1. Provide the per-residue ³J(HN,Hα) series for the range B:108-122, in order, calculated from phi with Karplus coefficients 6.51, -1.76, 1.60 and θ = phi - 60°, each as a whole number of Hz, with x at glycine and proline positions.
2. Grab the DSSP H runs of the protein assembly as shown that are 4 residues or longer, score each as -39,500 (n - 2.57), total them, divide by all residues and round the 222 nm result to the nearest 500 deg cm²/dmol.
3. Can you give me the Kirkwood hydrodynamic radius for the range B:2-150, using every pair of distinct Cα atoms, in Å to one decimal?
4. Stretched out fully, how many nm does the piece from residue A:22 to residue A:78 gain, at 0.36 nm a residue minus the Cα gap?
5. Enumerate by residue number the GluC sites (Glu not before Pro) in chain A meeting two conditions: DSSP loop (anything except H, G, I, E, B), and at most 11 other Cβ atoms within 10 Å of the site's Cβ.
6. Please work out the Cα center distance from the range B:106-140 to the range B:83-102, rounded to the nearest Å.
7. Under 19 Å Cα-Cα from residue A:42, which lysines qualify once same-chain neighbours fewer than 8 residues away are excluded?
8. Using only the alpha carbons of chain A, determine the length spanned along each of the three principal axes and report them from longest to shortest in whole angstroms.
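What follows draws every value from the coordinates through simple rules; no lab data is involved. Keep in mind it's a predicted model, so treat the numbers as computed, not measured. Because the Cβ atoms are built from the backbone with ideal geometry, glycine has one as well, and the counts that use them run over all protein chains shown.
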Amino acid sequence: MTIFIPTPLRPFAAGKDAIEVEAATIAAALDSLTQAHPDLRKHLFTGEGKLRAFVNLYLNDEDVRYLPAKEATAITAADTLSIIPSIAGGC
Amino acid sequence: MGILHLTRAVYDEIRTHGEETYPNECCGALLGTAIQNGWNVVAAVRAGNTRTDSAHNRYNISGIELVKIERDARRQGLGIAGFYHSHPDHPAHWSLTDLSEAHWLGCSYVITAVAKGKAALTNSFRLAGASEEDKRFEQDTIVIDEENTNQS
């Protein structure tokens, strides 16, 4: 599958905006990604290994949080995974 | 201090957007390319504010809208350089909410104060730091490029 890397994380992914990984599930794909680019790990996961609350994952156009199997969802080579930190604020 | 280049069209567009949504906050993404110590922004993309419960002082862009904005940017050979939003009847300075909700390290957050419906000061703040734990805002110098105003 192709994992799209957002602007702020590209410095930790050798400057790439997209990375191909071979994996059976979303979790395995993230594992493969962070093994290849270890500096990404602390930006994506808490010290306890949980995905940081502000990191959104989209499998194609689907929010992974709302998929029945969440990060255990099976993937194919044609799928894309977008990593999108949240954007919010206010005065 | 970082530099944020905006075309005149982008600068005008984000200020107009803030006036149009007043007394609520507007929000959107800035697309461009990285330059030394900053960004060269050539397009502003309007986004919906999902915080309809408190739109006068909060904004949020939905994840799927961001995915689509990012996808379109990539097709154009651009990246997300930052985001913009307005502060209705509030200074053009980041708030504690802005900082706690900011997670795009290295990107610029542009804020326009809109006073009684009229765009006033526009400032830009770079989310600096090496990680979520030591992030901070640092003010950018905004440079308005008068050329290439056909893009927005």
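1. Result, ordered by residue: 9, 10, 9, 10, 10, 6, 10, 9, 6, x, 10, 4, 10, 6, 10 Hz.
2. Values: 5 runs with 47 residues, N = 243.
Helix contribution divided over all residues of the protein assembly as shown: -5500 deg cm²/dmol.
3. On the way: mean 1/r = 0.0660 Å⁻¹.
Taking the inverse mean of 1/r over all distinct Cα pairs, the range B:2-150 comes out at 15.2 Å.
4. Details: separation 56, 0.36 × 56 = 20.16 nm, distance 1.06 nm.
Extending this stretch completely gives an extra 19.1 nm.
5. Values: sites: A:20, A:22, A:48, A:62, A:71; in loops: A:22, A:48.
Answer in residue order: A:22, A:48.
6. 7
7. Answer for residue A:42, where 19 Å is the Cα cut-off: A:16, A:50, B:135, listed by chain and number.
8. 42, 31, 25
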